[in-house]
Amino acid sequence: MLGHHYTRTFLETAVASMNAGCNLELSYGMRNNVFMHIPQALVMGNITLQMLRDRVRPLFYTRMRLGEFDPPAMNPYSTLDLSAVQSPEHRNLSLEAAVKSFVLLKNVRGTLPLRARDLPGKRLAVVGPFADNPRVLFGDYAPVPEPRYIYTPRRGLEMLPANVSFAAGCREPQCQQYSRAEVVGAAGAADVVVVCLGTGTDVETEAKDRRDLSLPGHQLELLQDAVQ
C-alpha cells in the first residue's frame, strides 16, 4: 500500500489492513515487515486486543485442523505421498478442473472440439513457445511440478491418433529470436494447426507488469505465419 500511496508508513498499513479484515501478510525475505508493527498499533490504541484475537483465531483454527500442533504420528497428512496426491482419482479430478477452466471465445465453422474418430491420417502441427516448454506453463506460486505429470500441449496432442509435428518458433515467451521457416514448414504441411502463445512469468508476474497487452516479441508474427 506504500507503493500505491494509500499509506505513508508500515504502522499505518498494519492498522488499515487489520481494520479491513486482513489477518495474514506474505513478506518473505523482509526483516521489517508490516505486521511487525501490530504491537505498536495495539499500544497506541489504533487497534483493540479483541480485534487482534478475532484476526488470529481463524489462522490458528486452520493450523489446528491441519494438525500442525500434533505429533507427526497423530497427523494423517504426514503419511501422504505422491501415490495419494497423484492417484488416478486425483489426476482425473485435476483434468476435469482444467477442462472446465477453458474459455472458448470463438469457434469458426465448429472446428472444435477435435474428435479422435476424425483424426486418423490427419496431419496436426502444434507450434509456439508454449507448445512444449513445461517451465512456462506455471504461474506465480505454483507448486514445484513433478515432470512426469506435466502434459504440455504437444505431449497431450501426441496421444491422439494423428500425425503430430512440432515447431517452437521461439524457445521462450519473450520470443526475441524467431525461426519463421520452422513454423511455416510445420504449419504448411498440416491439416490442423494448434498455436500456443502467451506471456508467463518471464514477461509478467507479481511486481512485474507489462507495458501493454500486445503479444511479446515476435509472437504475433508467429501467429500470422502459422495461419496464413
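Does region 26-45 include one or more residues that are touching a residue at least 24 places away in the same chain (Cβ under 8 Å) and surrounded by fewer than 10 Cβ atoms within 10 Å (Cβ to Cβ)? No, every residue in region 26-45 fails to be touching a residue at least 24 places away in the same chain (Cβ under 8 Å) and surrounded by fewer than 10 Cβ atoms within 10 Å (Cβ to Cβ). If you check 120, 145 for being assigned to a loop (DSSP other than H, G, I, E, B), in the same structural domain as residue 219 (by TED's automatic domain parsing) and exposed (fewer than 12 other Cβ atoms within 10 Å of the Cβ), only one passes: 120. So if I check each of 108, 99, which one is over 24 Å from residue 158 (Cβ atoms) and not assigned by TED's automatic domain parsing to the domain that holds residue 67? Answer to the check: 108. Is one or more of the residues making up region 48-63 modelled with pLDDT of 95 or more, assigned to a loop (DSSP other than H, G, I, E, B), outside the structural domain of residue 149 (by TED's automatic domain parsing) and not aromatic (Phe, Trp, Tyr)? There is at least one residue in region 48-63 that is modelled with pLDDT of 95 or more, assigned to a loop (DSSP other than H, G, I, E, B), outside the structural domain of residue 149 (by TED's automatic domain parsing) and not aromatic (Phe, Trp, Tyr).
Under the condition of being part of a helix (DSSP H, G or I) and closer than 23 Å to residue 65 by Cα, which residue from region 78-107 is modelled with the highest pLDDT?
The initial filter retains those residues of region 78-107 that are part of a helix (DSSP H, G or I), namely 78-79, 82-85, 88-101.
Still in the list and also closer than 23 Å to residue 65 by Cα: 78-79, 82-85, 90.
Details: 78: 85, 79: 86, 82: 85, 83: 89, 84: 90, 85: 87, 90: 93.
Checked region 78-107; the qualifying residue modelled with the highest pLDDT is 90.
Is it the case that residue 89 is without any contact (Cβ under 8 Å) to a residue 40 or more places away in the chain and more than 30 Å from residue 196 (Cα to Cα)? The answer is no for residue 89. Of the set (1) modelled with pLDDT under 95; (2) on the phi < 0 side of the Ramachandran plot, all apply to residue 5 but (2).
Between 43, 34, 15, which is outside the structural domain of residue 206 (by TED's automatic domain parsing) and closer than 24 Å to residue 141 by Cα? Explain how you work it out, then say what you get.
Numbers: 43 fails: closer than 24 Å to residue 141 by Cα; 15 fails: closer than 24 Å to residue 141 by Cα.
Result: 34 is the single residue among 43, 34, 15 that is outside the structural domain of residue 206 (by TED's automatic domain parsing) and closer than 24 Å to residue 141 by Cα.
Take the residues of region 179-228 that are surrounded by 18 or more Cβ atoms within 10 Å (Cβ to Cβ) and not hydrophobic (A, V, I, L, M, F, W, C): which is nearest to the chain's Cα centre (by Cα)? It comes out as 200.
Close Cβ contacts (under 8 Å, 6 or more residues apart or on different chains) running from residues in region 160-184 that are farther than 23 Å from residue 118 by Cβ and aromatic (Phe, Trp, Tyr) to residues that are modelled with pLDDT of 95 or more and surrounded by fewer than 17 Cβ atoms within 10 Å (Cβ to Cβ) comprise 178/221.
The values are calculated or read from the model by the stated rules, or taken from the named source; none is laboratory data. Values in this document were obtained by computation on a predicted structure and should not be read as measured data. Backbone-built Cβ (ideal geometry, glycine too); neighbour counts: all protein chains shown.
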